[in-house]
Amino acid sequence: MAQGKLDLSKLVSKAGELREFIVNLYKDFIPIRALAPENGGDGEWDRAQYLISVARRYFDDVKVIEAPDPRVSRGSRPNIVATIRGIDESRTFWVIAHMDTVPEGDRGMWSVEPYQATVKGDLVYGRGVEDNGQGIVMGLAVGKVLRDLGVKPPFNYGLILASDEEVGSKYGIRYILNTGGGLFRDNDLILVPDAGNPEGSMIEVAEKAILWLRITVTGKQGHASAPESALNAHRLGMMLALKLDEVLHSTYNAEDPLFAPPKSTFEPTRVDKNVDNINTIPGKHTFYFDCRVLPKYSLDDVLATVNKVAEEFCGGKGCNFTIEVLNRDDPAPPTSPDSEIVQRLTKAIKMIKNIDVKYMGIGGGTYAKYIRMMNIPVAVWMTSSNTAHSPDEHVNLNDIINDVKVVLAAMMI
């Protein structure tokens with residue numbers, strides 16, 4: 001134990017020297033876009049090649065698990081698995097982050113170039129610097145500190161940089177879990193740094209169910225000057241979206257204080273293009289809902305409600321509809337706050353940041369959900385500026401450095 005404490009003191013001190021390393025990492029990989037085909041990209045391979053080269057400097061073993069995907073030019077999606085062998089090689093402390101990002105959105109809303117790492121004081125700006133570049137650099141930095149000091153951790157330290165988190169994880173953690181050959185053991189300690197709060201006081205232990213829907217209303221196209229000869233699918237689609245918004249929120253209105261926000265959420269988001277010209281009444285209107293549902297409710301019931309509302313609405317208006325499920329993640333059992341990974345983090349956060357933690361659930365979806373489905377405890381934690389998916393997404397370098405210290409402490413205590 002005395003040796004562990006000595007090592008921890010050295011490790012924490014070394015972590016304080018990481019600023020330049022972290023900035024250089026960001027400047028190198030943020031310009032390498034990693035967008036899924038669904039988001040107009042060619043996957044993660046270009047970014048992965050760079051990250052593999054970095055991981056090989058600091059980890060004993062680096063391998064890639066390829067998930068076949070004919071939609072991308074390489075024909076597969078990469079999942080990097082890097083490990084440093086520990087004193088006890090029968091268990092591993094894993095950090096799991098994702099390489100893919102979402103598009104930048106409206107560039108006019110950015111004050112910096114989205115695909116550059118722009119440093120302003122202690123802040124680094126760019127698309128993906130937080131979601132999930134923060135997890136990437138933190139995971140690599142922990143490995144660098146261990147290697148630079150020649151410290152062998154009490155058990156293996158593992159880093160997984162996976163693909164496809166933003167659009168369903170089929171080619172990322174879900175593929176690893178299905179084909180990884182027992183990569184995870186029941187006694188492993190698993191951290192997913194992909195959600196948090198600005199203080200670093202929130203450990204996420206549960207996630208809502210997720211349901212993404214594409215709803216198409218079909219009417220009759222016609223000339224805008226003669227609406228009596230047409231059936232305006234655009235108007236009807238907007239009306240149906242508002243009706244669904246009202247019914248879903250009123251029907252599934254329970255609150256659970258574990259979660260933030262405490263209610264289920266049902267958000268109409270994207271709308272597909274219909275006609276090209278202003279003076280044509282659209283005959284088809286397609287819109288989307290992003291539903292984040294408390295675990296007490298069944299997604300089958302939510303789908304049944306959506307179908308019932310659409311049937312009644314279109315039956316009265318003379319239109320037709322289709323409902324497609326684009327993504328469905330049923331809820332996983334929550335992680336117990338008494339689990340070893342959560343308790344190690346709790347003690348480490350108190351030691352490094354001198355704050356008490358709170359255990360919470362979130363509406364966002366992370367890799368943790370799929371690991372929890374295997375009944376393996378997993379904690380989601382980082383100190384987050386909460387700018388993911390936003391213009392001028394950014395991170396605080398001091399937060400990342402302190403997070404590295406927390407992870408090192410969680411391994412060594």
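The values are calculated or read from the model by the stated rules, or taken from the named source; none is laboratory data. This is a predicted model, so every value here is computed, not measured. Using ideal geometry, Cβ is built from the backbone for each residue, glycine included, and neighbour counts are taken over all protein chains shown. Keep in mind that these areas ignore ligands, DNA and RNA; they rest on the heavy atoms of the full protein, side chains included. Shrake-Rupley method; radii C 1.70, N 1.55, O 1.52, S 1.80 Å.
Here are some notes:
- Checked against the criteria, Ile87 does not count as out of contact with any Ser or Thr (no Cβ under 8 Å at 6 or more places or on another chain) and open to solvent by less than 40 Å² (accessible area, probe 1.4 Å).
- The requirement of being free of Cβ contacts under 8 Å to residues at least 12 places away in the same chain and farther than 12 Å from Val95 by Cβ is fulfilled somewhere in segment 144-158, by at least one residue.
- When the strands (runs of 3 or more DSSP E) confined to segment 117-172 are screened for residues that are touching a Lys or Arg at 6+ places or on another chain (Cβ under 6 Å), those reaching at least 1 such residues are found at 155-162.
Matching residues to (1) open to solvent by less than 20 Å² (accessible area, probe 1.4 Å); (2) part of a helix (DSSP H, G or I); (3) of a type in the set (Asp, Glu); (4) free of Cβ contacts under 8 Å to residues at least 24 places away in the same chain:
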position	(1), (2), (3), (4)
Asn24	no, yes, no, yes
Pro31	no, no, no, no
Glu38	no, yes, yes, no
Arg47	yes, yes, no, no
Val54	yes, yes, no, no
Ile65	no, no, no, no
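Residues are listed down the side, and each one gets a yes or a no for (1) among the polar types (S, T, N, Q); (2) surrounded by fewer than 20 Cβ atoms within 10 Å (Cβ to Cβ); (3) more than 19 Å from the chain's Cα centre (by Cα):
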{"residue": "Tyr157", "(1), (2), (3)": "no, no, yes"}
{"residue": "Asp164", "(1), (2), (3)": "no, no, no"}
{"residue": "Ser169", "(1), (2), (3)": "yes, no, no"}
{"residue": "Gly182", "(1), (2), (3)": "no, yes, yes"}
{"residue": "Ile190", "(1), (2), (3)": "no, no, no"}
{"residue": "Met202", "(1), (2), (3)": "no, no, no"}
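- Just one of the listed residues (Ala233, Ala241) is touching a Gly at 6+ places or on another chain (Cβ under 6 Å), under 21 Å from Lys308 (Cβ atoms) and surrounded by 15 or more Cβ atoms within 10 Å (Cβ to Cβ), namely Ala233.
- In segment 304-351, the residues that are open to solvent by less than 50 Å² (accessible area, probe 1.4 Å), of a type in the set (Ser, Thr, Tyr) and not in a helix (DSSP H, G or I): Thr335, Ser339
- Residues that are assigned to a loop (DSSP other than H, G, I, E, B), touching a Pro at 6+ places or on another chain (Cβ under 9 Å) and either within 30 Å of Gly168 (Cβ to Cβ) or among the hydrophobic types (A, V, I, L, M, F, W, C) (or both) within segment 192-229 comprise just one, Lys208.
- Some residue of segment 267-282 being in contact (Cβ under 8 Å) with a residue 60 or more places away in the chain, in a loop (DSSP other than H, G, I, E, B) and closer than 19 Å to Ile362 by Cα: no
- Test: residue in segment 289-304 that is in contact (Cβ under 8 Å) with a residue 24 or more places away in the chain and over 19 Å from Tyr252 (Cβ atoms): no
- Meets criteria (in a helix (DSSP H, G or I) and more than 19 Å from Phe21 (Cα to Cα)) for Gly108: yes
- Among residues that are surrounded by fewer than 22 Cβ atoms within 10 Å (Cβ to Cβ), touching a helix residue (DSSP H, G or I) at 6+ places or on another chain (Cβ under 9 Å) and closer than 23 Å to Ser336 by Cβ, Asp194 is not included.
- For Thr118, the conditions (1) within 14 Å of Ile22 (Cα to Cα); (2) surrounded by fewer than 17 Cβ atoms within 10 Å (Cβ to Cβ); (3) of a type in the set (Ser, Thr, Tyr) are fulfilled apart from (2).
- Breaking point among (1) in a loop (DSSP other than H, G, I, E, B); (2) over 29 Å from the mean Cα position of the chain (by Cα); (3) not polar (S, T, N, Q), for Met238: (1)
- Met382 falls short on exactly one of the conditions (1) in contact with a Ser or Thr (Cβ under 7 Å, 6 or more places away or on another chain); (2) open to solvent by less than 40 Å² (accessible area, probe 1.4 Å), and that condition is (1).
- The lone criterion from (1) open to solvent by 20 Å² or more (accessible area, probe 1.4 Å); (2) more than 21 Å from the chain's Cα centre (by Cα); (3) modelled with pLDDT of 95 or more left unmet by Ser9 is number (3).
- Candidate set: segment 65-87, residues that are aliphatic (A, V, I, L, M) and touching a strand residue (DSSP E or B) at 6+ places or on another chain (Cβ under 6 Å); chosen: the one farthest from Leu408 (Cα to Cα): Val72
- Scanning segment 364-376 finds no residues that are surrounded by 24 or more Cβ atoms within 10 Å (Cβ to Cβ), assigned to a helix (DSSP H, G or I) and in contact with a helix residue (DSSP H, G or I) (Cβ under 6 Å, 6 or more places away or on another chain).
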